[in-house]
Amino acid sequence: SPHFLFNSFNTLTNLIEENRENAIDYTTHLSDLYRYILAYPDRDLIVLYEECEILNNYIYIQKSRFGDALKVQMDIPEYVLQSKRIIPLALQLLVENAIKHNVVSTSQPLVISIIANETEIVVRNPIHPKISKEKKSGLGLVNIVKRYKLLTDRPITYGAENNDYVVKLPLL
């Protein structure tokens with residue numbers, strides 16, 4: 001996304017001025033994120049552990065921008081991380097959507113919860129829409145649904161549940 005890249009470079013510029021060590025760490029995470037993105041375009045599935053590595057780089061970049069206003073809580077058993085598969089960049093896209101569509105501020109932190117069991121992974125965040133909403137393309141979730149339909153008949157569910165936005169993806 002051009003916006004993500006623009007924001008990333010702005011954050012990097014600020015870090016260079018404030019703290020050289022943090023700027024180096026940030027650059028490493030940004031580089032790793034793009035290396036992963038380029039490494040998986042032709043793969044249908046990756047091990048959940050690999051997907052979480054991609055996500056952790058993305059979260060590091062976003063936390064450098066938002067600080068404590070962004071909280072991501074993950075509860076995934078180790079055996080699930082090592083044995084289950086998911087489509088590449090699905091979790092990163094879901095976290096990106098949560099950030100894109102919701103308020104992320106110190107007065108109203110965005111808390112994203114990612115929980116998995118043997119059959120599914122659930123990404124949940126409270127719904128606190130931004131006042132000036134970004135244009136919704138809806139392509140991210142549609143893309144995930146289409147990619148899963150090529151691999152399994154198991155359903156993907158998403159939508160509002162009690163003031164939260166919840167996405168449930170099957171683990172394969």
Where a residue in region 61-78 is of a type outside the set (Gly, Ala, Ser) and its partner, wherever it lies, is open to solvent by 80 Å² or more (accessible area, probe 1.4 Å) and not in a strand (DSSP E or B), with Cβ under 7 Å and at least six apart: Asp68/Thr106
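Taking the conditions exactly as written (polar (S, T, N, Q), touching an Asp or Glu at 6+ places or on another chain (Cβ under 7 Å) and modelled with pLDDT of 95 or more), does Asn117 satisfy them or not?
On the way: polar (S, T, N, Q): yes; touching an Asp or Glu at 6+ places or on another chain (Cβ under 7 Å): no; modelled with pLDDT of 95 or more: yes.
It is false that Asn117 is polar (S, T, N, Q), touching an Asp or Glu at 6+ places or on another chain (Cβ under 7 Å) and modelled with pLDDT of 95 or more.
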Residues (open to solvent by 80 Å² or more (accessible area, probe 1.4 Å) and part of a helix (DSSP H, G or I)) located in region 140-160: Lys146, Lys149
Options Ser31, Ser1: the member that is small (Gly, Ala, Ser) and modelled with pLDDT under 75: Ser1
Breaking point among (1) loosely packed, with under 14 Cβ neighbours inside 10 Å; (2) closer than 21 Å to Val80 by Cα, for Glu50: (1)
Condition check for Leu89: buried (at least 17 other Cβ atoms within 10 Å of the Cβ), modelled with pLDDT of 95 or more and out of contact with any Gly (no Cβ under 6 Å at 6 or more places or on another chain): no
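For (1) surrounded by fewer than 16 Cβ atoms within 10 Å (Cβ to Cβ); (2) more than 16 Å from the chain's Cα centre (by Cα); (3) among the aliphatic types (A, V, I, L, M); (4) in a helix (DSSP H, G or I), each residue gets a yes or a no:
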{"position": "Asp25", "(1), (2), (3), (4)": "yes, yes, no, yes"}
{"position": "Leu30", "(1), (2), (3), (4)": "no, no, yes, yes"}
{"position": "Val72", "(1), (2), (3), (4)": "no, no, yes, no"}
{"position": "Gln108", "(1), (2), (3), (4)": "yes, yes, no, no"}
{"position": "Asn125", "(1), (2), (3), (4)": "no, no, no, no"}
Enumeration of residues in region 10-23 that are farther than 19 Å from Lys100 by Cβ and either in contact (Cβ under 8 Å) with a residue 24 or more places away in the chain or surrounded by 13 or more Cβ atoms within 10 Å (Cβ to Cβ) (or both): Leu12, Asn14, Leu15, Ile16, Asn22, Ala23
Odd one out for Val104 among (1) of a type in the set (A, V, I, L, M, F, W, C); (2) in contact (Cβ under 8 Å) with a residue 24 or more places away in the chain; (3) part of a helix (DSSP H, G or I): (3)
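The values are calculated or read from the model by the stated rules, or taken from the named source; none is laboratory data. Everything quoted here is computed from the prediction, not taken from an experiment. We place every Cβ from the backbone using ideal geometry, glycine too, and count neighbours over all the protein chains shown. Note: accessible area is taken over every heavy atom of the protein model, side chains too, but ligands, DNA and RNA are not part of it. Shrake-Rupley method; radii C 1.70, N 1.55, O 1.52, S 1.80 Å.
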